[in-house]
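Everything below concerns the one structure shown next.
The values are calculated or read from the model by the stated rules, or taken from the named source; none is laboratory data. Note that the structure is a prediction, hence the values are computed from the model and not measured. Cβ sites come from the backbone with ideal geometry, for glycine too, and all protein chains shown count toward neighbours. All accessible areas refer to the heavy atoms of the entire protein, side chains included, with ligands and DNA or RNA removed. Shrake-Rupley method; radii C 1.70, N 1.55, O 1.52, S 1.80 Å.
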Amino acid sequence: MVLPAAGAGRVRDASLRRWLARADLQQLDAPRELLARLLEVLNLPYPESGLGALRMWGQTGDRPTVWIAAADPVYLEPRLDHLCLHAHDAESAPASDLRPLVDHLQATLGDNESFGFARLGTRGYLRASEPIATSDVPPYVAHQDMPNEYMPSGDDAAGYRKLVSEVEMSLHDHEVNQRRAADGQQPINCLWFWGGGYAPEQATVPHPPLFANDPLLVGHWLSRTGVVANWPGDIPSCVEASVAGFVAVVPVDDDADVLERCLSDLRDLLRAGRVSSLTLMFRDGIEARVEPGHRRRFWRRHSELLDG
């Protein structure tokens with residue numbers, strides 16, 4: 001299960017906090033890309049490249065046949081001696097803002113041969129006739145950090161840095177950013193290019209059923225002919241539709257009470273023997289492995305990771 005953030009007292013129900021405190025808990029040392037976290041737990045191989053193409057596959061349902069990179073909106077904030085990257089999400093960079101920016105980039109930098117910029121909903125993409133080096137991680141992994149640590153390096157990075165500079169210059173004075181600045185919003189002064197490559201050929205690799213709306217996860221599952229369905233809104237529906245385990249991802253924009261509803265359902269299912277174990281990944285980097293025998297850890301009533 002991928003669930004909303006649970007730390008800093010976000011789990012208000014004291015009995016649920018005690019239940020989680022008895023589990024095997026850990027905190028990730030640094031943000032990680034979600035698909036990588038899931039496949040590691042499932043002991044399945046991570047794609048060598050082409051994450052942007054996989055995400056497009058998940059959005060459209062069709063496998064891209066050309067080189068694709070994800071191109072997501074960011075704000076590169078100049079500070080005294082470095083840049084700080086701020087990742088935008090669908091709320092802070094709605095389609096109404098992203099559309100004119102991507103259209104502008106296509107009109108000023110894109111062409112029919114070298115580069116092409118496109119937008120699907122609140123997600124941007126870059127098509128290139130020749131592969132270029134890109135970042136390996138989405139911008140949320142580098143959020144509020146120095147972007148240089150996540151950019152490609154070496155001789156292959158020249159094309160990447162040249163393109164980023166051109167995008168920054170093109171978007172600097174765009175009317176969308178002027179309006180956002182006037183409204184006190186962070187500008188969208190660049191795109192973060194990551195996951196460049198070709199979509200893999202479809203192959204059958206056993207994966208548990210996936211209940212998620214995340215297009216990258218959906219695209220990967222489709223590339224492995226896995227069973228995919230939208231998040232149904234509750235855990236019991238996932239259990240009823242699965243025979244031997246499942247992966248479920250609660251959307252980031254779900255309602256505020258979904259965390260405790262899901263935790264309560266998962267606890268009940270574990271106690272009833274409907275599931276044999278749980279791996280819970282919270283979006284703030286907390287992870288929990290829960291097994292039936294953990295209920296005997298009665299001395300564990302609190303966790304600093306959860307209480308905050």
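Here are D72, D62: which of them is in contact with a helix residue (DSSP H, G or I) (Cβ under 7 Å, 6 or more places away or on another chain) and modelled with pLDDT of 95 or more?
Selected residue: D72, the only one of D72, D62 that is in contact with a helix residue (DSSP H, G or I) (Cβ under 7 Å, 6 or more places away or on another chain) and modelled with pLDDT of 95 or more.
Okay, residues lined up against (1) more than 30 Å from M169 (Cα to Cα); (2) surrounded by 13 or more Cβ atoms within 10 Å (Cβ to Cβ):
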| position | (1), (2) |
| --- | --- |
| R12 | yes, no |
| S15 | yes, no |
| Q26 | yes, no |
| L34 | yes, yes |
| T108 | no, yes |
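Quick one: which residue in D29, D81, D62 is closer than 20 Å to G196 by Cα, outside any strand (DSSP E or B) and without any contact (Cβ under 8 Å) to a residue 12 or more places away in the chain?
One residue alone meets the criteria, D62.
Let me confirm something: among D156, D103, which residue is surrounded by fewer than 20 Cβ atoms within 10 Å (Cβ to Cβ), at pLDDT 95 or above and either within 15 Å of the chain's Cα centre (by Cα) or part of a helix (DSSP H, G or I) (or both)?
Of D156, D103, the one residue that is surrounded by fewer than 20 Cβ atoms within 10 Å (Cβ to Cβ), at pLDDT 95 or above and either within 15 Å of the chain's Cα centre (by Cα) or part of a helix (DSSP H, G or I) (or both) is D103.
If you scan region 278-308, which residues turn out to be open to solvent by less than 40 Å² (accessible area, probe 1.4 Å) and not polar (S, T, N, Q)?
L278, L280, M281, F282, G285, I286, E287, A288, V290, G293, H294, L306
Which of the residues belonging to region 136-153 are open to solvent by less than 50 Å² (accessible area, probe 1.4 Å) and within 23 Å of A95 (Cα to Cα)?
V137, P138, P139, V141, A142
For region 208-240, how many residues are surrounded by fewer than 16 Cβ atoms within 10 Å (Cβ to Cβ) and of a type in the set (A, V, I, L, M, F, W, C)?
Within region 208-240, residues that are surrounded by fewer than 16 Cβ atoms within 10 Å (Cβ to Cβ) and of a type in the set (A, V, I, L, M, F, W, C) number 1.
Here are some residues: R180, R119. Which one is basic (K, R), open to solvent by 60 Å² or more (accessible area, probe 1.4 Å) and in contact (Cβ under 8 Å) with a residue 12 or more places away in the chain?
R119
Quick check on my filter: what residues within region 122-131 are in contact with a Lys or Arg (Cβ under 8 Å, 6 or more places away or on another chain) and open to solvent by 20 Å² or more (accessible area, probe 1.4 Å)?
The answer is R123, and nothing else.
Within region 63-74, does at least one residue satisfy the condition of being exposed (fewer than 15 other Cβ atoms within 10 Å of the Cβ) and either among the aliphatic types (A, V, I, L, M) or more than 18 Å from the chain's Cα centre (by Cα) (or both)?
There is at least one residue in region 63-74 that is exposed (fewer than 15 other Cβ atoms within 10 Å of the Cβ) and either among the aliphatic types (A, V, I, L, M) or more than 18 Å from the chain's Cα centre (by Cα) (or both).
Given the criterion in contact (Cβ under 8 Å) with a residue 12 or more places away in the chain, part of a loop (DSSP other than H, G, I, E, B), open to solvent by 30 Å² or more (accessible area, probe 1.4 Å) and not polar (S, T, N, Q), identify the matching residue among V243, V275, V205.
V205
Being touching a Pro at 6+ places or on another chain (Cβ under 9 Å) and assigned to a strand (DSSP E or B) is the filter here; which residues of region 126-144 pass it?
R127, S135
Conditions: (1) touching a residue at least 40 places away in the same chain (Cβ under 8 Å); (2) touching a strand residue (DSSP E or B) at 6+ places or on another chain (Cβ under 9 Å). V164 meets all but one. Number of the miss?
If we test V164 against (1) touching a residue at least 40 places away in the same chain (Cβ under 8 Å); (2) touching a strand residue (DSSP E or B) at 6+ places or on another chain (Cβ under 9 Å), just (1) comes out false.
Please go through (1) assigned to a helix (DSSP H, G or I); (2) of a type in the set (A, V, I, L, M, F, W, C); (3) within 17 Å of the chain's Cα centre (by Cα) for V164 and return the number of the only condition it doesn't satisfy.
(3)
Within the group L16, L39, L44, L54, which residue is out of contact with any Ser or Thr (no Cβ under 9 Å at 6 or more places or on another chain) and part of a helix (DSSP H, G or I)?
It is L39.
May I ask you to verify whether R32 is of a type outside the set (A, V, I, L, M, F, W, C) and either farther than 29 Å from L222 by Cα or touching an Asp or Glu at 6+ places or on another chain (Cβ under 7 Å) (or both)?
So R32 fails the test.
Can you tell me which residues in region 271-308 are at pLDDT below 90 and at positive phi?
Selection gives G308 alone.
Going through R301, R267, R289 one at a time, which residue ends up being in a helix (DSSP H, G or I), of a type outside the set (V, I, T) and within 27 Å of L28 (Cβ to Cβ)?
R267
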